[in-house]
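Written below as structure tokens is the structure these notes are about.
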Ligand SMILES: [Zn+2]
């Protein structure tokens, strides 16, 4: 056994070592499974662990190498998968009671691509039920804890994925982002999280929350790793009509020279930040200026209506997307005296309170008599937001803001749905516009808790987005340390 | 005064036609009828979580063909979701088109009356799966449980919505019959009502004569044949008239036609909330055919039934009888009008070839597979012989049935094998002389002008010759002899 | 705009449309919460959006289609293994129309 510290390695380093034969995929996976054994009891990031399957996968990678076969960009790299992506033969639940026991007969495109690149799935991670929430407290099974401070939430909805990377259970993870569900937990757990341009990554196999907003993206502990994973998972998929042909992202060594780049600070996202977050944002602005970027405030006026538009559009689409969970073809059924009662009981008992709330809201927003005033109007607001972003990008290469208005909060701190919805105020506009955005850890705030800076770019602007994020990463020299490794602080 | 005289009936039809694509509308599962249950299913048509639809290019092309054939405008179109819960609809929403359908504003001209029925729209949508209701009655009401097969789920449909332009069950029948001819001619669908690939829902209302405002309508489902369509509309209209006549109010509802009982009945036992919450399907892109694509569709359609009918009507001297119009419809439905036209070049009268095509050949082809190729040349050879008097009508029908069933047979060889070789003129003379000699008094009466006795002699000749005599030639010979006597 | 509170009756109707069995407590709670959330939506009610096209999608693409080619179907037994109830290779569901 090698004495290398695999769990602190980046995906790039692991893949290089496995490809060169410096160490084996089995060693890498074993080290991560050991870390899971040690700390998963505290963190609870996984709904389903895939230890044995992962070891088999690692052996297969090592055998391929011994046969002299070409290994992929993620050879032997453990990856944690949000449990809202179909994986053939592995229970897939969306952290909902209604899907308990469902074994998909097919696999999501993103997972196929990761495995084709040699990545090893080590588990399905916890989420807010059907990705609806910002703390992972809405999981029907259990809450995930933030590895940096186990008394706090990891954020959500991809809280399990963010926590698994922060806890060194895997160097990379996959999440989905409908209104901030990758970026906000990345910020709260002190890792990098990317929501790519809508249409860049196939949604086939991602259990839909809001189809026009959902996008799959990576978590990693470095910008470089996130860029590599995006390269692997992006690109056209004939099974997803919204996956763009002739568009994909190519990973390259990131040149983080931001000299002369025009960086806009979104005025509308400055309100309501906690003081530590505000400080961190100011430090980030200073750092970029010091590196030669031109940083100015810019107004994206319609962004302030983002939250409202989002909370009409996303529930409306969700109310339709979640209709299929009806106890007929898969999942749990609660039998009633006839079909209608069976639907009502199955769905009434199978869904948790937040999911039901959003289905109710969305059903209302689409129903006769309210469509134009609610859903129709929200779609027009979406046009305004996109137009205002376009105007901003006429003058700026990228925009920045805080990712989350606060650091990680304590469990049960936000019992009022509206205050929880506010967690996503900075992240939602990018989903409405379809633009890429990411969170990069930048500083420690209150109690040493991580604070992420959000970098936003126009559609297919991932290149410049990673460049700025990489500059911030280098300037920050900040690393979030799990609570158990940080006892002496 | 009967009720039917006091009220006007208004009928609008929604016709669903399955498209003859190889695969379903949004996935690559086979579009086939009669497969083992749940064998043509995949994540998409089963509505599995995470699956996504991708539109079948050929289905869109077929829909545009149908729209063009129905004189519609082909427009930019958007798919919507129609949300409601039903076990045979796997996503609990149906992907369909709503306020921006592919085809709008067309019309169909009815063949017999020449009436124009307007087409409001023709849109693309996905079919549902199929439920079998298990229980003592076998019907949906009173079933103990149901079994669902999703093979049909996602099969592409075009729904053709007419304006409420029809005034009777008969007119509705004429419309559907003509519509079916056109649909089949486009190649987009097989039009088989018995297999459910053509399904009709009828919206029926009545109003007192002399009033303008349409009455409350009911929608009738489960009309599986043209016969059911006429019966159901007639029944439903009468039911509504009786309600109004007694001072009652017709309730807007969906009703189910029961063919055995000959009645419609209310389909939903409790008040159902109709709120489909349509919204644009975010998983699909809009369709936006270019002007060139629309032109290409038009150019590829060929001659359609209305034009083809006009050509045949002209061949029948422009005044076809009602039964000839029906023959024309049948011939066109089976693509046999080309045969009639080809016959003209060989001096085969249109009336003869049309009758044989519609009454004999069409009936025979229905039993043959779709890929069967008719031996057109040989059929024409038979018809030419019949028209020249070398075959009797009875013989011609027998020969036709053999030729259609087996295109490889030699017509002349078959005729001699069947013993249908026409008698020589010597034999014919001898035969006619014999029958005259056997019935001198009848012959007297025939000569003195009782024409109807020709039939008597032809019958005798047939009997005597064992069916081989040609009736036409026998009567010609009788007439010739009579004119010689009179001359 | 709907700045009126959502009634208990409307809440029940919406729950029926969405096929969610809710108990009395849930009906009351959702009526209140939905009203509060929609009150928040009043900020867009006053916007003059005439002439603004609704954004149906962030992608500006049309005619995304596939060829009409048959692909393999799923294994029936694997699919039926996930079904809550099945019979004769079909999905078994309770009677569709209730008692009158
Ligand atoms: Zn399918």
Name the residue, out of B:302, B:318, B:363, that is under 24 Å from residue B:190 (Cβ atoms) and not in a helix (DSSP H, G or I). B:302
Kindly indicate whether any position in the range B:152-173 is at negative phi, away from the ligand (no atom under 16 Å from the Cβ) and within 14 Å of chain C (Cβ to nearest Cβ). no
Do we find that residue B:112 is under 25 Å from residue B:202 (Cβ atoms) and assigned to a loop (DSSP other than H, G, I, E, B) in this structure? yes
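Yes/no per residue for (1) under 23 Å from the mean Cα position of the chain (by Cα); (2) free of Cβ contacts under 8 Å to residues at least 12 places away in the same chain; (3) surrounded by fewer than 17 Cβ atoms within 10 Å (Cβ to Cβ):
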position: A:250; (1), (2), (3): yes, no, yes
position: A:257; (1), (2), (3): no, no, yes
position: A:280; (1), (2), (3): yes, no, no
position: A:288; (1), (2), (3): no, no, no
position: A:293; (1), (2), (3): no, no, no
position: A:296; (1), (2), (3): no, no, yes
position: A:299; (1), (2), (3): no, no, yes
position: A:326; (1), (2), (3): no, no, no
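Matching residues to (1) buried (at least 24 other Cβ atoms within 10 Å of the Cβ); (2) in contact with a strand residue (DSSP E or B) (Cβ under 8 Å, 6 or more places away or on another chain):
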{"position": "A:72", "(1), (2)": "no, no"}
{"position": "A:82", "(1), (2)": "yes, yes"}
{"position": "A:101", "(1), (2)": "no, no"}
{"position": "A:107", "(1), (2)": "no, yes"}
{"position": "A:115", "(1), (2)": "no, yes"}
{"position": "A:121", "(1), (2)": "no, yes"}
{"position": "A:130", "(1), (2)": "yes, no"}
{"position": "A:133", "(1), (2)": "yes, no"}
{"position": "A:140", "(1), (2)": "no, no"}
Of everything in the range A:208-261, what is within 14 Å of another protein chain (Cβ to nearest Cβ) and closer than 24 Å to residue A:189 by Cα? Give them in sequence order. A:209, A:213, A:214, A:215, A:216
Single residue of A:376, A:369, A:331 found to be surrounded by fewer than 20 Cβ atoms within 10 Å (Cβ to Cβ) and either within 16 Å of residue B:85 (Cα to Cα) or more than 7 Å from chain C (Cβ to nearest Cβ) (or both): A:369
Name the single residue that is nearest to residue C:52 (Cα to Cα) among those in the range A:382-392 being touching a residue at least 60 places away in the same chain (Cβ under 8 Å) and within 14 Å of chain C (Cβ to nearest Cβ). A:384
Could you check the range B:366-384 and list, in sequence order, the residues that are under 24 Å from residue B:320 (Cβ atoms) and not in a loop (DSSP other than H, G, I, E, B)? B:376, B:379, B:380, B:382, B:383, B:384
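Table: residues versus (1) closer than 23 Å to residue A:403 by Cα; (2) part of a loop (DSSP other than H, G, I, E, B).
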site	(1), (2)
A:238	no, yes
A:242	no, yes
A:254	yes, yes
A:268	yes, no
A:271	yes, yes
Tell me whether the range B:336-343 contains one or more residues that are surrounded by fewer than 20 Cβ atoms within 10 Å (Cβ to Cβ), in a helix (DSSP H, G or I) and not assigned by TED's automatic domain parsing to the domain that holds residue B:380. no
Failed item in (1) surrounded by fewer than 19 Cβ atoms within 10 Å (Cβ to Cβ); (2) in contact (Cβ under 8 Å) with a residue 12 or more places away in the chain, with residue C:16 passing the rest: (2)
Please verify whether residue B:82 is in contact (Cβ under 8 Å) with a residue 12 or more places away in the chain, within 16 Å of the ligand (Cβ to nearest atom) and within 14 Å of chain C (Cβ to nearest Cβ), treating the condition exactly as stated. no
Kindly indicate whether any position in the range B:89-102 is touching a residue at least 24 places away in the same chain (Cβ under 8 Å) and within 21 Å of residue B:299 (Cβ to Cβ). yes
Taking the condition farther than 23 Å from residue B:335 by Cβ, within 14 Å of another protein chain (Cβ to nearest Cβ), over 25 Å from the mean Cα position of the chain (by Cα) and more than 16 Å from the ligand (Cβ to nearest atom), does residue B:144 pass? yes
Against the definition (buried (at least 23 other Cβ atoms within 10 Å of the Cβ), within 16 Å of the ligand (Cβ to nearest atom), within 14 Å of chain C (Cβ to nearest Cβ) and in a helix (DSSP H, G or I)), how does residue B:63 come out, yes or no? no
Just checking, does the range B:444-453 include any residue being under 37 Å from the mean Cα position of the chain (by Cα) and without any contact (Cβ under 8 Å) to a residue 60 or more places away in the chain? no
Residues that are within 28 Å of the chain's Cα centre (by Cα) and surrounded by fewer than 24 Cβ atoms within 10 Å (Cβ to Cβ): does the range B:42-54 have at least one? no
Please go through the range C:54-67 and give me each residue that is within 16 Å of the ligand (Cβ to nearest atom) and surrounded by 19 or more Cβ atoms within 10 Å (Cβ to Cβ), ordered by number. C:66
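Yes or no, residue by residue, for (1) within 14 Å of another protein chain (Cβ to nearest Cβ); (2) closer than 23 Å to residue A:371 by Cβ:
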residue	(1), (2)
B:275	yes, yes
B:283	yes, yes
B:292	yes, no
B:311	no, no
Does residue B:56 qualify as being facing another protein chain (nearest Cβ under 7 Å) and either more than 16 Å from the ligand (Cβ to nearest atom) or in contact with a strand residue (DSSP E or B) (Cβ under 9 Å, 6 or more places away or on another chain) (or both)? yes
Determine whether the range B:12-34 contains at least one residue that is more than 19 Å from residue C:69 (Cα to Cα) and more than 24 Å from the chain's Cα centre (by Cα). no
Mind telling me which of the residues B:419, B:426 ends up being part of a helix (DSSP H, G or I) and either buried (at least 18 other Cβ atoms within 10 Å of the Cβ) or more than 36 Å from the chain's Cα centre (by Cα) (or both)? B:426
When you scan the range A:372-393, do you find a residue that is in contact with a helix residue (DSSP H, G or I) (Cβ under 9 Å, 6 or more places away or on another chain) and assigned to a loop (DSSP other than H, G, I, E, B), even just one? no
Which numbered condition trips up residue A:315, out of (1) facing another protein chain (nearest Cβ under 7 Å); (2) at pLDDT 95 or above; (3) under 23 Å from residue C:39 (Cα atoms)? (1)
Taking the range B:5-35 and keeping residues at the interface with chain C (Cβ under 7 Å from one of its Cβ atoms) and more than 11 Å from the ligand (Cβ to nearest atom) leaves B:21, B:22
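The values are calculated or read from the model by the stated rules, or taken from the named source; none is laboratory data. Note that this is a predicted model, so its numbers are computed, not measured. Quick reminder, even Gly has a Cβ in these numbers, built from the backbone with ideal geometry, and neighbours come from all protein chains shown.
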